Amino acid sequence: MICMIIKMIKIFLILLISMNILVNIVVKSFIYKRRVFTININSQTRCINSNQYTLENLLNLCDTTDKIKSIASNSDGLKYLKTILSHKRAMLYFKQSSTRTFLSFQNACNILGISTSEIRDISTSSETKGESELDAIKTFSQYSDLIIMRHPSNNFIYEISDNLPNDTRIINAGSGTDQHPTQALLDFYTIYKYGLENKKIAFVGDLFRGRTVRSLSLLLNKVKGTKLYFVSPKQFQIKNDILDKLNVDYELTDDFDKIIQEVDVIYMTRLQDEYKNEGINDNEIIDTSKYSINSNNINKMKDDAIILHPLPRRNEISVEVDKDKRAKYWQQCENGMWVRVALIMSMFGASKL
Ligand code: CP
């Protein structure tokens with residue numbers, strides 16, 4: 001009888017352990033899916049993946065940006081803006097190079113009176129003494145209310161988001177080849193200024209490794225009547241994980257000469273060859289020369305179309321194009337600062353102006 005009871009307890013324990021393993025697998029795969037397919041991030045305290053925003057969020061952000069620009073147009077307004085978050089501190093942790101994103105965030109903080117600290121050169125961080133990155137970032141959260149991070153990994157941003165308390169705001173300033181949500185927000189705002197709905201929008205260049213295109217496609221996917229064109233040599237085409245999420249009409253093509261004549265927005269991008277071993281053989285000669293705008297083809301564009309570029313550029317937009325009224329990338333660059341002011345304000349619940 002005792003033997004029988006012990007046997008039954010053993011079976012029960014084995015069943016319990018098996019159930020536990022099964023539940024763990026299911027929960028982990030759910031978390032993985034949440035990250036990859038559906039985003040359920042608290043937009044108030046986190047800006048991680050562009051897909052977390054609804055169209056209503058986006059239009060509110062555009063509206064706040066317009067209000068901020070108007071307030072900032074005189075010195076009294078600028079003084080007022082500087083009082084709004086003067087009790088907050090931000091940490092800029094940039095583990096990849098940056099000109100625009102770093103400086104526009106630093107200036108956005110400055111406009112709102114937020115004091116900033118930074119680490120851009122990892123050789124100055126205690127990570128060189130073997131401290132884990134997660135510990136380094138937990139340390140930042142002891143001193144700062146907001147962490148703005150650019151990182152070569154696609155996924156580390158999710159890890160820190162999961163491991164830091166909600167009252168530490170976290171902004172993804174670029175995560176590997178995956179996401180650049182704040183660039184997408186400023187791109188979205190720039191297109192909004194020229195009219196959002198029923199637009200044909202072409203993404204041109206290295207779409208395989210281009211995080212800005214990935215993030216912006218997910219935002220434009222929320223706009224009525226959008227048609228997206230992904231224009232590149234087939235080796236640089238956008239990955240299926242983004243295409244799988246699109247509800248709007250889209251087309252993949254390598255024929256830039258045809259598309260340049262048809263679309264309302266041309267979003268140029270450079271070769272992202274700082275990423276090695278990402279499935280592209282950079283030793284293979286791929287002719288990208290026809291994926292550029294210059295004085296020979298700009299006149300094929302519609303008169304009211306616009307040219308955008310997240311910058312930095314190489315030779316995909318010739319300098320002489322800068323003078324054309326359709327070139328909006330410098331304005332787009334400036335918009336980055338104002339949209340980031342609006343974003344930071346909204347994340348601190350301070351956007352009622
Ligand atoms: N667009 C952009 O992210 O530029 P930086 O790399 O200079 O920040």
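The values are calculated or read from the model by the stated rules, or taken from the named source; none is laboratory data. Remember, predicted model here, so these are calculated numbers, not experimental data. Neighbour counts run over all protein chains shown; Cβ positions are idealised from the backbone, glycine included.
Observations on the structure shown:
- Subset of the range 280-337 [among the hydrophobic types (A, V, I, L, M, F, W, C), part of a loop (DSSP other than H, G, I, E, B) and away from the ligand (no atom under 16 Å from the Cβ)]: Ile280, Ile285, Ile286, Met301, Ala305
- The range 179-203 residues that are under 23 Å from Phe156 (Cβ atoms) and among the small types (Gly, Ala, Ser), paired with ones that are modelled with pLDDT of 95 or more and within 16 Å of the ligand (Cβ to nearest atom) (beta carbon under 6 Å, 6 or more apart): Ala184/Ser50; Ala184/Ser215; Ala184/Leu216; Ala184/Leu219
- Among residues that are in a loop (DSSP other than H, G, I, E, B), within 16 Å of the ligand (Cβ to nearest atom) and among the charged types (D, E, K, R), Asp273 is included.
- With respect to the conditions (1) buried (at least 20 other Cβ atoms within 10 Å of the Cβ); (2) in contact (Cβ under 8 Å) with a residue 60 or more places away in the chain, Ile71 lacks only one, and its number is (1).
- Top-ranked residue in the range 311-345 [being under 16 Å from Ile68 (Cα atoms) and aliphatic (A, V, I, L, M); ranked as surrounded by the fewest Cβ atoms within 10 Å (Cβ to Cβ)]: Met337
For every residue, the table says whether it meets (1) modelled with pLDDT of 95 or more; (2) within 16 Å of the ligand (Cβ to nearest atom); (3) in contact with a helix residue (DSSP H, G or I) (Cβ under 9 Å, 6 or more places away or on another chain).
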{"position": "Leu61", "(1), (2), (3)": "yes, no, yes"}
{"position": "Lys69", "(1), (2), (3)": "yes, no, yes"}
{"position": "Gly77", "(1), (2), (3)": "yes, no, yes"}
{"position": "Leu81", "(1), (2), (3)": "yes, no, yes"}
{"position": "Phe102", "(1), (2), (3)": "yes, yes, no"}
{"position": "Asn107", "(1), (2), (3)": "yes, yes, yes"}
{"position": "Ser115", "(1), (2), (3)": "yes, no, yes"}
{"position": "Ser126", "(1), (2), (3)": "yes, no, yes"}
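- Unique match (being over 30 Å from Ile242 (Cα atoms) and charged (D, E, K, R)) among Glu127, Glu133: Glu127
- Here is the figure for the range 256-279: residues that are within 23 Å of Lys328 (Cα to Cα) and in contact (Cβ under 8 Å) with a residue 12 or more places away in the chain total 16.
- Among helices (runs of 4 or more DSSP H) entirely within the range 154-227, having at least 2 residues that are away from the ligand (no atom under 16 Å from the Cβ) and not polar (S, T, N, Q) singles out 156-163, 211-220.
- Leu92 being touching a residue at least 24 places away in the same chain (Cβ under 8 Å) and more than 16 Å from the ligand (Cβ to nearest atom): no
- Selection of the range 120-148 for residues being more than 20 Å from the chain's Cα centre (by Cα) and either acidic (Asp, Glu) or outside any helix (DSSP H, G or I) (or both) yields Asp121, Ser125, Glu127, Gly130, Glu131, Ser132, Glu133, Asp135, Ser144, Asp145.
- Selection within the range 21-59: residues that are assigned to a helix (DSSP H, G or I) and among the charged types (D, E, K, R). The member of this set that is modelled with the highest pLDDT is Glu56.
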